[in-house]
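Novice: This is the structure I have questions about; it appears just below.
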Amino acid sequence: MVLANINRAVGPPWNVWSDQNDSLSQRDVGMLQVYCESNQEVFDTVLHSFWVSEQLMLPTMLVLDAFYLSHTCEIVEVMEPDEARAYLPPYEPKHFLSPDHPTAFGNLTAPDSYYELRYQIDRDLRRGIELMRQADQRFEEVFGRSYGIIEEYRTEDADLLVVTSGTITGTARVVIDECRDAGKRVGLVKMRLFRPFPADDVCRILRPAKKVAVIDRNIGFSIGGIFAQEIRAALFSAGIHLPVFGFIAGIGGRDVTPDTIHEIVDQTEHMDAPDQEVYWIGVKHEQLHHTR
Amino acid sequence: MLEIRIHGRGGQGAVVASKVLAAAFFKEGHYVQAFPVFGVERRGAPVAAFVRVDQNPVRLRCNVYEPHHLIVLDPALTETIDITEGLRESGWILLNTHRTPEEFGFARNFKVASVDAFAIAIRHHLGSRSTPIVNTAILGAFARCTGLVNLDSVVNATVEAVPFNAEGNRQAAIDAYEQTIMYDPELQTR
């Protein structure tokens, strides 16, 4: 099963604009999660996802930002059906309903076997890292397009690495180019696969940097951005001590412009280490009410 | 990169206009991106849509703040919002109106083009008399005043995108192209 989720804000207060809290609230349900930057990537990821999900017997959620992708008209290259079939052979399910082999399917599982099922979900989901990598590599061989499970953009010799996901990545590429033109040693890391969490890749890519700035279009109330938290955990587990600056931007469809990202780069460059767990960019303080 | 902002009201076809204009540029070999900003879809509520055109794939994924050109489907919007916000100096403001460009205050500072897309749409039975669909006509006028895209591309993109009354849509774009009035304040002339 592959689920295409358009990222939209959750309540309170509810709205229809781009925000990752909907998908990230489902991060621990046992689905793979892939965050996409363009409609071409959405289209291609549908094929990757089926290829992986059919092998793991676990569903994949691919995530596309509301409006910036869901309502955007742009060029998408579509392959011929035969080419798609060659990449993705017909699915032969291991378990299915058939009158020849009557079977009961139920979702209540008692403690004597629930534990083992959860163990298997965890074990198999972890295999999704290598399978998603393979899915992408196979795709490149056939169609010439590759995204990686994490993408590095101009990370060579970078002191500061900006980490993004979804459509903020595209805008960030423009900003990184401008920073590089200005002589700043700044690179970009795009988190594409979020579940299973590719901790080894994250550590390998971030380790050479001096600082990391994570842009989260989501908020884990009282713990900061969710990508930032998971990246910190991965680095800590690997014994890597890096200042990770967590920035919240773009929640509920607030536009993330090149200026927003420049502000994040500038702030990170001017500090040795974060003095707060999370920085909210562009809060309109005059709108805030205070509780007693 | 070329950036265009379209102002309209829910139901007028601003969103479709942005897609058709993007398709017209695509036909001429450009990379394009078109998307709207609106809230819950309501007829009559102000709507904006953006079009980006470039020689390379468009990477920016944010709203357009400094458009090169504006298309305004409902001239009454100019009374309630500052449509010229962020507009670049040499940009065209293309208005759907029966009035002349010089009647608008911003014609002192910007190039203004006008076309009576309501009348053209009604003449070709696009939409109803009370709510004519003006987007195909206005795109013909856009081809004329900016010269950035060929009328043929606009017509072909329109006919492909709008599955009904192909001949009416085609003719509306052509009529608008021919009837566009253009005013340049620097030359103080049409």
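The values are calculated or read from the model by the stated rules, or taken from the named source; none is laboratory data. The shown structure was predicted, so the numbers you read here are calculated from the model rather than taken from an experiment. Because the Cβ atoms are built from the backbone with ideal geometry, glycine has one as well, and the counts that use them run over all protein chains shown.
Novice: Is there any pair linking a residue in region A:137-154 that is free of Cβ contacts under 8 Å to residues at least 24 places away in the same chain to one that is assigned to a loop (DSSP other than H, G, I, E, B) and of a type in the set (S, T, N, Q), with Cβ under 8 Å and at least six apart or on different chains, and which?
Specialist: Qualifying pairs under 8 Å: A:Gln137/A:Ser146; A:Glu140/A:Ser146.
Novice: Another one. If I filter region A:254-271 down to residues being part of a loop (DSSP other than H, G, I, E, B) and in contact with a strand residue (DSSP E or B) (Cβ under 8 Å, 6 or more places away or on another chain), which single residue comes out as farthest from A:Ala158 (Cα to Cα)? Explain how you work it out, then say what you get.
Specialist: Applying the first criterion (part of a loop (DSSP other than H, G, I, E, B)) to region A:254-271 yields A:254-257, A:270-271.
When the remaining residues are screened for being in contact with a strand residue (DSSP E or B) (Cβ under 8 Å, 6 or more places away or on another chain), the result is A:256, A:271.
Working: A:Val256: 23, A:Met271: 16 Å.
Among those residues, the one meeting the criterion is A:Val256.
Novice: Can we say A:His101 is assigned to a loop (DSSP other than H, G, I, E, B) and under 30 Å from B:Tyr31 (Cα atoms)?
Specialist: Numbers: assigned to a loop (DSSP other than H, G, I, E, B): yes; under 30 Å from B:Tyr31 (Cα atoms): no.
It is false that A:His101 is assigned to a loop (DSSP other than H, G, I, E, B) and under 30 Å from B:Tyr31 (Cα atoms).
Novice: Can you name the condition, by its number, that A:Asn15 falls short on among (1) within 14 Å of chain B (Cβ to nearest Cβ); (2) under 16 Å from the mean Cα position of the chain (by Cα)?
Specialist: Among (1) within 14 Å of chain B (Cβ to nearest Cβ); (2) under 16 Å from the mean Cα position of the chain (by Cα), A:Asn15 violates only (2).
Novice: Considering B:Phe25, B:Phe50, which residue is crowded, with 18+ Cβ neighbours inside 10 Å, closer than 19 Å to A:Trp17 by Cβ, in contact (Cβ under 8 Å) with a residue 40 or more places away in the chain and within 14 Å of chain A (Cβ to nearest Cβ)?
Specialist: Details: B:Phe25 fails: closer than 19 Å to A:Trp17 by Cβ.
Result of the check over B:Phe25, B:Phe50: B:Phe50.
Novice: Spot the failing condition for B:Asp74; the list is (1) part of a loop (DSSP other than H, G, I, E, B); (2) farther than 25 Å from B:Pro185 by Cα; (3) more than 11 Å from chain A (Cβ to nearest Cβ), and only one is missed.
Specialist: Among (1) part of a loop (DSSP other than H, G, I, E, B); (2) farther than 25 Å from B:Pro185 by Cα; (3) more than 11 Å from chain A (Cβ to nearest Cβ), B:Asp74 violates only (2).
Novice: Please count how many residues of region A:86-113 are surrounded by 10 or more Cβ atoms within 10 Å (Cβ to Cβ) and hydrophobic (A, V, I, L, M, F, W, C).
Specialist: The qualifying residues number 2.
Results for (1) out of contact with any Leu (no Cβ under 7 Å at 6 or more places or on another chain); (2) closer than 23 Å to A:Arg127 by Cα; (3) not assigned by TED's automatic domain parsing to the domain that holds A:Pro258, shown as yes or no for each residue.
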position	(1), (2), (3)
A:Val186	no, no, no
A:Phe194	yes, yes, no
A:Phe197	yes, yes, no
A:Val202	yes, yes, no
A:Ala209	no, no, no
A:Asp216	yes, no, no
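Novice: Next up: Since B:Arg99 meets every condition but one in (1) within 28 Å of A:Arg217 (Cα to Cα); (2) over 12 Å from the mean Cα position of the chain (by Cα), which condition does it not meet?
Specialist: The one condition B:Arg99 does not meet is (1).
Novice: Answer yes if at least one residue in region A:88-95 is assigned to a loop (DSSP other than H, G, I, E, B) and modelled with pLDDT of 95 or more, and no otherwise.
Specialist: Within region A:88-95, the first condition is being assigned to a loop (DSSP other than H, G, I, E, B), and the residues that meet it are A:88-95.
From what's left, modelled with pLDDT of 95 or more: A:88.
Yes - at least one qualifying residue is present in region A:88-95.
Novice: Filter region A:54-66 for residues that are closer than 13 Å to A:Phe43 by Cβ and away from every other protein chain (no Cβ under 14 Å) and give the result. Walk me through it before giving the result.
Specialist: Let us first name the residues in region A:54-66 that are closer than 13 Å to A:Phe43 by Cβ, namely A:62, A:64.
A:Leu62, the sole residue that qualifies.
Novice: At least 3 residues that are closer than 24 Å to B:Asn63 by Cα in each: list the strands (runs of 3 or more DSSP E) lying fully within region A:159-233 that qualify. Let's see the steps before the verdict.
Specialist: On the way: elements: A:160-164, A:186-191, A:193-195, A:211-216.
Hits in region A:159-233: A:160-164, A:186-191, A:211-216.
Novice: Follow-up. Is it true that B:Val32 is within 11 Å of another protein chain (Cβ to nearest Cβ), more than 28 Å from A:Thr260 (Cβ to Cβ) and under 17 Å from the mean Cα position of the chain (by Cα)? Walk me through how you get there before you give the answer.
Specialist: On the way: within 11 Å of another protein chain (Cβ to nearest Cβ): yes; more than 28 Å from A:Thr260 (Cβ to Cβ): no; under 17 Å from the mean Cα position of the chain (by Cα): yes.
Spelling it out, it is not the case that B:Val32 is within 11 Å of another protein chain (Cβ to nearest Cβ), more than 28 Å from A:Thr260 (Cβ to Cβ) and under 17 Å from the mean Cα position of the chain (by Cα).
Novice: In region A:221-250, which residues are surrounded by fewer than 20 Cβ atoms within 10 Å (Cβ to Cβ) and under 22 Å from A:Lys284 (Cβ atoms)?
Specialist: Selection gives A:Phe221, A:Ser222.
Novice: Out of region A:45-85, which residues are among the acidic types (Asp, Glu), surrounded by 16 or more Cβ atoms within 10 Å (Cβ to Cβ) and over 19 Å from A:Pro196 (Cα atoms)? Explain how you work it out, then say what you get.
Specialist: So the first thing to find is which residues in region A:45-85 are among the acidic types (Asp, Glu), and the list is A:54, A:65, A:74, A:77, A:80, A:82-83.
From what is left, the residues that are surrounded by 16 or more Cβ atoms within 10 Å (Cβ to Cβ) are A:54, A:65, A:74.
Selection gives A:Asp65, A:Glu74.
Novice: Also, I was wondering about something else. Being over 26 Å from the mean Cα position of the chain (by Cα) and either closer than 30 Å to A:Gln267 by Cβ or more than 14 Å from every other protein chain (Cβ to nearest Cβ) (or both) narrows it down to one residue among A:Leu117, A:Leu97, A:Leu161, A:Leu131; which is it?
Specialist: Working: A:Leu117 fails: over 26 Å from the mean Cα position of the chain (by Cα); A:Leu161 fails: over 26 Å from the mean Cα position of the chain (by Cα); A:Leu131 fails: over 26 Å from the mean Cα position of the chain (by Cα).
A:Leu97 is the lone residue from the list that is over 26 Å from the mean Cα position of the chain (by Cα) and either closer than 30 Å to A:Gln267 by Cβ or more than 14 Å from every other protein chain (Cβ to nearest Cβ) (or both).
Novice: Still on this structure, please answer the following. Specify which of the listed residues (B:Ser18, B:Ser90) is surrounded by fewer than 23 Cβ atoms within 10 Å (Cβ to Cβ), hydroxyl-bearing (Ser, Thr, Tyr) and at negative phi.
Specialist: Working: B:Ser18 fails: surrounded by fewer than 23 Cβ atoms within 10 Å (Cβ to Cβ).
Result of the check over B:Ser18, B:Ser90: B:Ser90.
Novice: Does region B:115-137 include one or more residues that are over 19 Å from B:Gln12 (Cβ atoms), buried (at least 22 other Cβ atoms within 10 Å of the Cβ) and in contact with a Lys or Arg (Cβ under 9 Å, 6 or more places away or on another chain)?
Specialist: no
Novice: When the residues of region A:185-196 are filtered to those that are touching a residue at least 40 places away in the same chain (Cβ under 8 Å) and closer than 30 Å to A:Leu56 by Cβ, which remaining residue is surrounded by the most Cβ atoms within 10 Å (Cβ to Cβ)?
Specialist: The first filter runs over region A:185-196 and keeps only residues touching a residue at least 40 places away in the same chain (Cβ under 8 Å), leaving A:186, A:190-196.
Filter once more, keeping what is closer than 30 Å to A:Leu56 by Cβ: A:190-196.
On the way: A:Lys190: 23, A:Met191: 23, A:Arg192: 24, A:Leu193: 26, A:Phe194: 23, A:Arg195: 23, A:Pro196: 21.
Per the stated criteria, the residue is A:Leu193.
Novice: Yes or no: A:Asp255 acidic (Asp, Glu), within 14 Å of chain B (Cβ to nearest Cβ) and either surrounded by fewer than 20 Cβ atoms within 10 Å (Cβ to Cβ) or out of contact with any helix residue (DSSP H, G or I) (no Cβ under 6 Å at 6 or more places or on another chain) (or both)?
Specialist: On the way: acidic (Asp, Glu): yes; within 14 Å of chain B (Cβ to nearest Cβ): yes; either surrounded by fewer than 20 Cβ atoms within 10 Å (Cβ to Cβ) or out of contact with any helix residue (DSSP H, G or I) (no Cβ under 6 Å at 6 or more places or on another chain) (or both): yes.
The answer is yes for A:Asp255.
Novice: Given the options A:Leu69, A:Leu3, name the one that is within 14 Å of chain B (Cβ to nearest Cβ), modelled with pLDDT of 95 or more and under 30 Å from B:Gln33 (Cα atoms).
Specialist: On inspection, the qualifying residue turns out to be A:Leu69.
Novice: Still on this structure: Among the candidates A:Ala199, A:Ala182, A:Ala233, A:Ala172, single out the residue that is of a type in the set (A, V, I, L, M) and in contact (Cβ under 8 Å) with a residue 40 or more places away in the chain. Can you show your working first?
Specialist: Details: A:Ala199 fails: in contact (Cβ under 8 Å) with a residue 40 or more places away in the chain; A:Ala182 fails: in contact (Cβ under 8 Å) with a residue 40 or more places away in the chain; A:Ala233 fails: in contact (Cβ under 8 Å) with a residue 40 or more places away in the chain.
Within the list A:Ala199, A:Ala182, A:Ala233, A:Ala172, the selection yields A:Ala172.
Novice: A further question follows. Of all residues in region B:53-71, count the ones that are at the interface with chain A (Cβ under 10 Å from one of its Cβ atoms) and part of a strand (DSSP E or B).
Specialist: Count: 0.
Novice: When you check B:Leu60 against the structure, is it touching a helix residue (DSSP H, G or I) at 6+ places or on another chain (Cβ under 8 Å) and within 23 Å of B:Phe118 (Cα to Cα), yes or no? Lay out the reasoning, then the answer.
Specialist: Working: touching a helix residue (DSSP H, G or I) at 6+ places or on another chain (Cβ under 8 Å): yes; within 23 Å of B:Phe118 (Cα to Cα): no.
No, not satisfied.
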